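A.B. asks: Before we start, here is the structure in question, set down as structure tokens.
We did not get these values from a lab; they are worked out from the coordinates using the rules stated. Source: prediction; values computed, not measured. Cβ: placed from backbone, ideal geometry, glycine included. Neighbour counts: every protein chain shown.
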Amino acid sequence: MTNGPRYAVSSKSKLFKADAGTVIGPDERFNILGLHHSAATTPLPTAQSTYIAQDTKTNEFVTLTILNDEETVSYQETSQDRIENTLRKDSRAVDHVILAADSLILETPSANRCLVHELTGPNLYMVLELNDTFLPADWIWKAFKDALSSLAILHARKMVHGDIRAWSLVITYSKVDAANADQVRNTYGPLSESNGAFEFNATGTGNEQMRPNLDFQLKLHRLDQAFIVGDNIPDTAQYQLPGPSPPEIQSTGPTPATDIWYLASIFLNLATGTPSESHFLDANGSALSSSISSTQEALYAAAYKQRTYMRPESELIEESGSGDFSVDELRVLSDLLAHLLVTDPEQRFTAEQALQHEFFAVQRPVSAAAEE
């Protein structure tokens, strides 16, 4: 568990609060099972009241995001509906993007807007916060492919997400029966006695002893800052992340290129095992250049150094099957990242081009260690 910074919710946000067992919504539709995450340990942009609840209308468990007073007032339903309805026309979107199944106003004094989503697990920020070492190579491979697939769908529809962060990517478990209370609890973790929040851990499961499994789907969410190219850019849609970036990304505002750049930065952190509160490019900005080959070599050298630092010799990344990338695989991954992070925009890959890269050409075998 990292000792990194904690984020407190602003006292002015007036978050909706509900205890486990509380029934809310029209016709007492939702029975609160518990907090999806603790707002006290979540970055402010995602610190809305988010709960796992049982929808008595369908008998399934769902994730509720209840906007605070200010967000409810400023929620642009027409713009949001247009984006989500456009995405629903793409049959792939349901597998890669979190879309609200329902939007309603709660019958409370504050009349908070409640967005009903499919049952979701932890966001990527929460996974990284609890896993400062290394996630298995198979896990990174799948998560990266899922994330790029999500962006490819948006960009094909001329949409820009506008806020690609680690907490904009959420883990879901399609094999979990959302109507089975025991399965939900076993998968999503026990409730914390201190704050009633689900205790997600590094595996994204409720069992600390389990190795990270591949029975997940990483999906993109938080479309409140998304826009269609040609429309007005939301005032809140901006990137202010650490680390160096090319001049055209710093000056143009949100574009498909900025979506790509920051997604690649996140997975560069994953590839190098960089702790969640850090940013790999802060200390390694010199690795970037307008040459793909130079960038690839620099990223590979830095990633290899990070992934072998203070590890037993028996665990070094010399061959496949250990659960880590082999040396050859790490070179291929470094090449993909170089194509996404090269400072020359003419050479930089789109999401669709990245999905055709050699890194994704062959499914990595699940090692015996990962299957235990």
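A.B. asks: Would you calculate the convex hull of the Cα atoms in the stretch 46-116 and tell me its volume per residue in Å³? Before the final figure, lay out the partial values.
C.D. replies: Values: hull volume 7.8 nm³, N = 71.
Cα-based convex hull of the stretch 46-116, divided per residue, equals 110 Å³.
A.B. asks: Still on this model: Run the numbers for Y309 and D69: contour at 0.36 nm per residue of separation, minus the present Cα-Cα distance, in nm.
C.D. replies: 81.7 nm
A.B. asks: Another question about this same structure. Given the stretch 56-186, report the % of alpha carbon pairs whose separation exceeds 16 Å.
C.D. replies: Every Cα pair in the stretch 56-186 considered, those over 16 Å come to 71 percent.
A.B. asks: Excluding residues on the same chain fewer than 8 positions from K219, give the lysines whose Cα lies under 27 Å from its Cα.
C.D. replies: Those lysines meeting the cut-off are K17, K57, K89, K142, K145, K158, K175.
A.B. asks: Quick check on the exposure proxy: order W141, W167 from fewest to most C-beta atoms within 10 angstrom.
C.D. replies: W141, W167
A.B. asks: Shifting gears a bit: What is the stretch 87-130's relative contact order, in percent, from Cα pairs under 8 angstrom and six or more apart in sequence?
C.D. replies: Details: 30 pairs, mean separation 12.2, N = 44.
Value for the stretch 87-130: 28 percent.
A.B. asks: Next question, about the same structure. Once you order the gyration tensor axes a ≥ b ≥ c over the Cα atoms, which shape class does the stretch 118-182 get: rounded for a/c under 1.5, otherwise prolate or oblate by comparing a/b with b/c?
C.D. replies: oblate
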